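First up is the structure itself, then whatever we jot down about it.
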Amino acid sequence: MKRIIYLFLFLPTFLPGGITGKIAGRVVSAETGEPLPCVNVYILGTNLGGVTDNEGYYFILNIPPGYYDVKADMIGFQPVIHEGVLIISDRTTPLNFSLNPTVLDIGEEVIVIGERPLIEADRTSKISVVTDREIEKMPLHTVSDILASQAGVTTGTGREIHVRGGRSGELAYMIDGMSVRDPLFGSFTCFLPSSSISEMVLLSGTFNAEYGDAMSGVVNIVTKSGETDFRGDIGYSSINIIGSPYRKKNALAEDKYGYIPQDVRDYYDVLSLGSFEGYLTGSVPGLRNTTFFAAGKHIAENSYLPFGYTLERNILTKITTRLRNFNIFLSLQGGDNYYQNYSHSWKYRYNHYPQGERLIHRETISIRHAPNERFFYSLGLSNFVNNNLLRVDDKLPEEYEPGVATDLEFYTEGGGDYPLYRDSKTGNASSNGSLTMQLNNRHQLKTGFKVERYNLYLRQMTRLVVSGPYQFQEFQHYPVEAAVYLQDKMEYDYMVLNAGIRFDYADPKAKMWKDITDPSSGLVRVDKKMQLSPRIGLAHPVTDRTVLHFAYGHFFQNPSYYCQYTNLDYLDPELLVNNVIIGNPSIKAQKTVAYEVGLQQKLADALAFYVTAFYRDMTNMVTTRRVRWAGVDYFVYDNADYGNSKGVDLSLKGRLGNILFASFNYTFSVARGNRSSPMEGFWSAYYAMPEVMTEYYLNFDRTHDIAFSLSVELPESFYTRWLANTSFTLLIEASSGLPYTPYVGPGLYIEENSARMPWTTEMNLRFEKNIPLFRGMSSRLFIEGNNLFDRLNPLYVYPRTGDPWDAGWGGLGTSPDAVKNPSHVSKRREIRCGVKIIW
């Protein structure tokens, strides 16, 4: 096995995949239909292009995602330009030309307005693409909000993302081909200005071999590069102008104690609440062929809940040097985020509830070299640092005040500080690369590698249960991960086949008991983890209006390093205590085997229908396992959970010229398993609940999920002047309720998660108006509303009633103020407005 690893590591393969696309097509004579050889096809404003062969075929590789104008010309023929051709990462955009012969070169060109194709002949699995133009017009604000609006994506009780019935944390997040997921806790922590995003792609269910360490899908974000022309914008978006219904006294019930609204400006010097964002791009003075792109964002706002806030500042700078066939990219990103989440029990003592500080910075340098038109390679280095500090005020663990809830409902005087202090620092130094080679018109070979070395530090004090002991830990570890892959994209008129294989390697560099059920078995160095993942995807164009596809693959994900390293000090048998949760560095990678089959059907020139059926089998899922040894009950992370999901995605997309765009997405899915999260094993044992021996609907299962979007863009020439240069975007989302276990009486058994919360629905709308100013400058005014009908969408319900604000019984802990917890429902109605200046 070592020889195999060394062989792959020294293959001449280089850097990040997933950040460029391809154009391929044929050029023929408009008169005769005969192929035209030696036609120059090139992308205007770039150094990218190709030449047709004897059969009229051409291709252009190494194209960053975005919109381009593509020109074909040849002496004796009238040139043709396709405008607004959309390039998507990892995809082939078909583009054919028909040239008319001409006797004289009269300098006229045929202009063809490009449209995004509704049917993609090379799509071998489900993919959702959101372009920068679509992001700008959406009435949504975060990456998570945009993801939640895509087919096959649902949210749980904490608004966390679930894809096709998988647990949260099963997505891989990448920016410009580099991983930005927190390796310690598995979360996405690298915030970006939305104006810096060129394209966001969600690969759900199945994906190519170049992507790994993910079981549910991949989110691939490509940032913008600089342009030669000096351009930019700056804008402001207000906070919710109608205010929160909860940030006032006696909001839902009479306050049990004196409530004082909190404000982020009580803690930080903030000039104005709201969001400021802008970008600037142009050529770098004094440096030929060098451009820059810089974007930044500043957000300061209070939570819609009785307390909580966020203050976020981030910036991205990208410098690009483009030579004849050699590009150099330098990207610098940094940001900080100060925040406080909400807990209803601490409504009257929020100054003693933890506040978070997050600091990130990311540095990336990469090169991309195309020695000729048939292949290119890339090399890159990246450093990603993510520091998080969660604490009460500015206290150290030893300065925390102990206390208890004085009335079983709220913490007040004598309640002490919330028992959590966490200081985590993670660093990820990585190198990776890829080589793409177009062997001929049919085969595109791609191979690559990655090597990552982590620096993981954690200092933590916590208490899992009320009146339980405080647990302290501090550790630092340096695990290593690596991967190599090889894939071949075979493109024929009747078939597109993606076949690949991936090898993953991980070394946690830690020790663990030889037998996790016997602390006296002694410590041994844990084995290195290795997996082979076969992937295959097939697309069959039945006609130019119908495409079938099938995909299959094995997908592995390394458990978060917190599950591997937490509380390893308790590996000493003499230190073991009851109810401690111990990490397990010998834990195996979690595994998903996924299948999908789908159909793309063009119903009309501007209308298409899509259907995809999927099945996922999930094994080796992480759980907390109780072990009783020598009179001590401890818990250890282990691979004991399992689950499966199946369903169907249905989509309908249509457009009317460049004015109206509409889409409808519906997903029917069922997600079942023996546990919904790793900590369920601990809580079930702690509360002496019987162990579930059969599969049940997982806590985040939503059987039905619907999203409808409608976008209208009215041009400057629109006949009603006050509507000219305006756009409307409407987004309606609806989902069946999450499952819960109803209470039917003492001692009576009822199936786990056998009842459903009410449906959730939300309507969002954004209106924009562009107003020309002077010297090429313009302004853009907008107003948007979220949850316009102010629906009470439940996130939690009481088991006796199925209602978020009615406990169904009286007694201790059931005062109206305690029962009517505003975090049991999602956000209420919000109205925002703003302005942007563009030049």
For the charge dipole of the chain, defined by +1 on Lys and Arg C-beta atoms and -1 on Asp and Glu C-beta atoms about the Cα centroid, which residue among P469, S29, Y257 has the Cα displaced farthest towards the positive pole? S29
Projecting the Cα atoms of T729, T703, N753 onto the charge dipole of the stretch 666-753, where Lys and Arg contribute +1 and Asp and Glu -1 at Cβ, the residue farthest towards the positive end is T729
Please go through the stretch 687-737 and write out the GluC sites (Glu not before Pro) that DSSP classes as loop and that have at most 12 other C-beta atoms within 10 Å. E691, E716
Surface accessible to a 1.4 Å probe, per residue, for the residues of the stretch 253-344, Å²: 47 Å²
Using only the heavy atoms of the protein chains and a 1.4 Å probe, how would M437, M461 rank by accessible area, largest first? M437, M461
Give me the accessible area of V270, 1.4 Å probe, in Å² rounded to the nearest 10. 20 Å²
In the full protein assembly as shown, how much of E357 is accessible to a 1.4 Å probe, in Å² to the nearest 10? 60 Å²
Which net charge results for the neighbourhood of F185, defined as the other residues with beta-carbon distances under 14 angstrom from its beta-carbon, given Lys and Arg at +1 and Asp and Glu at -1? +1
Need one number: nm distance between label points at D544 and S29, each 7 Å from Cα along Cα→Cβ, rounded to one decimal. 2.0 nm
With the other protein chains left in place, how much accessible area per residue, in square angstrom, belongs to the stretch 702-779 at a 1.4 angstrom probe? 56 Å²
Quick one: putting +1 on the C-beta of Lys and Arg, -1 on the C-beta of Asp and Glu, what dipole do you get for the stretch 382-492 around its Cα centre, in Debye to the nearest 20? 1000 debye
Charges at C-beta only: +1 for Lys and Arg, -1 for Asp and Glu. How large is the resulting dipole of the chain about its Cα centre, in Debye rounded to 20? 580 debye
The FRET efficiency for A685 and S345, from their Cβ-Cβ distance with R0 = 25 Å and rounded to 0.05, is 0.60
Please list, by residue number, every one of the chymotrypsin sites (Phe, Trp or Tyr not before Pro) in the stretch 635-730 that is coil in DSSP and has at most 12 other beta-carbon atoms within 10 Å. Y687, Y719
Using a 1.4 angstrom probe on heavy atoms only, work out the carbon and sulfur share of the accessible area of the chain in %. 57 percent
Hey, if we sort L652, L99 by accessible area with the 1.4 Å probe, largest down, what's the order? L652, L99
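Taking R0 as 45 Å, what's the FRET efficiency between E55 and I234 from their Cβ-Cβ distance, rounded to 0.05? Could you put the intermediate results ahead of the total?
Values: r = 51 Å, r/R0 = 1.12.
Once rounded, the FRET efficiency stands at 0.35.
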How much net charge surrounds E227 when only the other residues with a Cβ under 14 Å from the Cβ of E227 are counted, with Lys and Arg +1 and Asp and Glu -1? 0
1.4 Å probe accessible area per residue over the stretch 396-477, in Å²: 44 Å²
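As a test of the formula, what do you get for the chain when each DSSP H run with n ≥ 4 contributes -39,500 (n - 2.57) and the sum is divided by the residue count, at 222 nm and rounded to the nearest 500 deg cm²/dmol?
For the chain, the value works out to -1000 deg cm²/dmol.
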Evaluate E = 1/(1 + (r/R0)^6) for L523 and L420, where r is the Cβ-Cβ distance and R0 equals 41 Å; express this FRET efficiency to the nearest 0.05. 0.90
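Within the stretch 131-217, report the trypsin sites (Lys or Arg not before Pro) that DSSP leaves as loop and that have at most 15 other Cβ atoms within 10 Å.
Passing sites in the stretch 131-217 are R159.
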Sorting D803, D705 on solvent-accessible surface, 1.4 Å probe, most exposed first, gives D803, D705
Quick check on the chain: take the gyration tensor over C-alpha atoms, sort the square-rooted eigenvalues as a ≥ b ≥ c, and tell me if it's rounded (a/c under 1.5), prolate or oblate. prolate
Quick calc: nm separation of the 7 Å Cα→Cβ label points for L323 and I659 -> 5.1 nm
Cβ charges +1 (Lys, Arg) and -1 (Asp, Glu), total dipole of the stretch 613-734, debye: 100 debye
Heavy-atom accessible area of L435 with all protein chains present, probe 1.4 Å, nearest 10 Å²? 30 Å²
3J(HN,Hα) from dihedral phi, the stretch 654-671, Karplus parametrisation 6.51/-1.76/1.60, rounded to Hz, x for glycine, proline: x, 8, 10, x, 10, 10, 10, 9, 9, 8, 9, 10, 9, 10, 9, 8, 9, 10
Fully extended contour minus Cα-Cα distance, from D605 to S754, at 0.36 nm per residue: 49.1 nm
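The values are calculated or read from the model by the stated rules, or taken from the named source; none is laboratory data. Given the structure is predicted, the values throughout are model-derived calculations rather than measurements. Positions of Cβ are generated from backbone atoms using ideal geometry, with glycine treated the same way; all protein chains shown enter the neighbour counts. What goes into the accessible areas is simple: the full protein's heavy atoms, side chains included, and nothing from ligands, DNA or RNA. Shrake-Rupley method; radii C 1.70, N 1.55, O 1.52, S 1.80 Å.
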